[in-house]
Amino acid sequence: AKSDGRRTYRFFEAGMDARAKARRSLELELRQAIADGSFELHYQPLLHLEEGQVSCCEALVRWRHPERGTISPADFIPIAEDTGLINDLGHWVLNTACREAMNWPEHVHVAVNVSPIQFKSQTLALNVAAALAATGLAPSRLELEITEAVLIRDDEAALDILHQLRELGVRIALDDFGTGYSSLSYLQRFPFDKIKIDRAFIKDLAGTGASSTIVQAVVNIAAASDMTTTAEGVETEQQRNLLRILGCTEMQGYLFSRPVSSAEIRKLLSSDREK
Ligand code: C2E
Ligand code: CA
Ligand code: CA
Ligand code: CA
């Protein structure tokens, strides 16, 4: 029994070692990729449910790896966060997205994801102001998407940065709403402009569970506080219809469009305007 335990332990250790090595090599490649600029932004439209027009496009980063092909952000954002590389990457994403949005119709906003780690750097608001100044984008067209992780420790410094961003005139959206812990209390900590309701609730909308009740409650709370709501991951007509009935403001998901390249989003936006 004892030797078995030791064998298991060694096996575990070897597994850890391989994983740590793979991670270390991905980290080195990530560092190089940031220096080389091997990233690309794709954009996914958010559709106004009543008016049927695109109101915003979310920038989603893609890593074009020479051998491994396109790597999903779910695989490299956590490493970029652990290593602090997210600050450089986030800076690039912000500037690239603001520049791209200058090619779109003026009523279309651009949404940029901001990692909680970026809130640890005191320069976030300065970087946002610099990106707006450099590209000429109107502040009201920029939406920053943050998760409740930013607010989790009642972090005064992070709240202070949120207020600085608000003073610049940019919009702040609470992303992935409902996935974390005791989410409602976070709505009191900062006056968000938008709540993005996580895909988990949209998936079960037509089912027998509590999802539609929860979505309705979120829509009501948002309306009472001058916030809009976006349903994430809308994949079916049935979900779209239910969301309209529930009074959700916008939808985002494969039903209308997957994230597409900058050339394709321009095409999509110019044909959307002619409607
Ligand atoms: P997110 O911010 O929640 O972005 C939405 C994700 O859902 C995107 O995955 C999008 O492609 C996917 N999605 C959209 N519609 C549908 C749908 O109808 N069905 C399904 N199944 N999925 C849908 P993606 O592009 O792989 O991004 C994953 C996550 O990586 C993002 O989740 C975000 O947290 C993070 N991320 C992406 N780009 C950035 C970035 O520039 N900075 C930071 N900090 N994080 C980023
Ligand atoms: Ca997002
Ligand atoms: Ca989300
Ligand atoms: Ca998510």
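Quick one: check the C-alpha center-to-center distance for region 236-267 versus region 139-183, whole angstrom. Region 236-267 and region 139-183 have Cα centres separated by 23 Å. Between the listed residues ALA97, LEU30, LEU159, the Cα displaced farthest toward the positive end of the dipole of the chain, a dipole computed from Cβ unit charges relative to the Cα centre, is found at LEU30.
Fully extending the segment from HIS163 to ASN220 would add 18.1 nm, taking 0.36 nm per residue of separation and subtracting the current Cα-Cα distance. A crude spin-label estimate for the pair GLU40 and ALA20, with each label 7 Å from Cα along the Cβ direction, gives 3.6 nm.
Hey, got the dipole for region 22-120? About the Cα centre, +1 on K and R Cβ, -1 on D and E Cβ, debye to the nearest 20? Walk me through the numbers on the way to the answer.
Details: 8 positive and 14 negative charges, 69 e Å.
Its charge dipole is roughly 340 debye.
Using the Cβ-Cβ distance between ALA206 and ARG273 with R0 = 35 Å, the FRET efficiency computed as 1/(1 + (r/R0)^6) comes to roughly 0.65.
Available extension along the chain between ASN241 and ASP88 is 51.0 nm, counting 0.36 nm per residue and deducting the alpha carbon span.
Annotation: the antiparallel percentage among DSSP beta bridges lying fully within the chain is about 40. Near the amide H of CYS56, within less than 5 Å, lie the amide hydrogens of LEU46, HIS109, all on another chain or at least 5 residues away, with H placed in the peptide plane.
Database remark: amide H of HIS65 closer than 5 angstrom to the amide H of THR70, ILE71 (H placed geometrically; neighbours at sequence offset of 5 or more, or on other chains; Pro and chain starts carry no H).
Sorting the segments 109-116, 67-74, 124-131, 162-169 by their residues' average number of neighbouring beta-carbon atoms within 10 angstrom, most packed first, yields 109-116, 124-131, 162-169, 67-74.
Between GLN122 and ASP75, the distance separating the two model label sites (each 7 Å from Cα on the Cα→Cβ line) works out to 3.8 nm.
Please list, in order, the residues from region 243-275 whose amide nitrogen is less than 12 Å from a point placed 7 Å along the Cα→Cβ vector of ASN103. Correct set: 261-270. In order along region 107-113, the Karplus-derived 3J(HN,Hα) couplings, from 6.51 cos²θ - 1.76 cosθ + 1.60 at θ = phi - 60°, round to 7, 8, 7, 10, 10, 10, 6 Hz, and Gly and Pro are given as x.
Nonpolar atom fraction for region 38-100, defined as the carbon and sulfur part of the 1.4 Å probe accessible area, stands at 47 percent.
Hey, what's the chain come to in accessible area per residue, 1.4 Å probe, Å²? I get 52 Å² per residue for this part.
The values are calculated or read from the model by the stated rules, or taken from the named source; none is laboratory data. These numbers were taken from a predicted model, which means no experiment stands behind them. Note: ideal-geometry Cβ built from the backbone for every residue, glycine included; neighbour counts use all protein chains shown. Heavy atoms of the whole protein, side chains included, go into the accessibility calculation; ligands, DNA and RNA do not. Shrake-Rupley method; radii C 1.70, N 1.55, O 1.52, S 1.80 Å.
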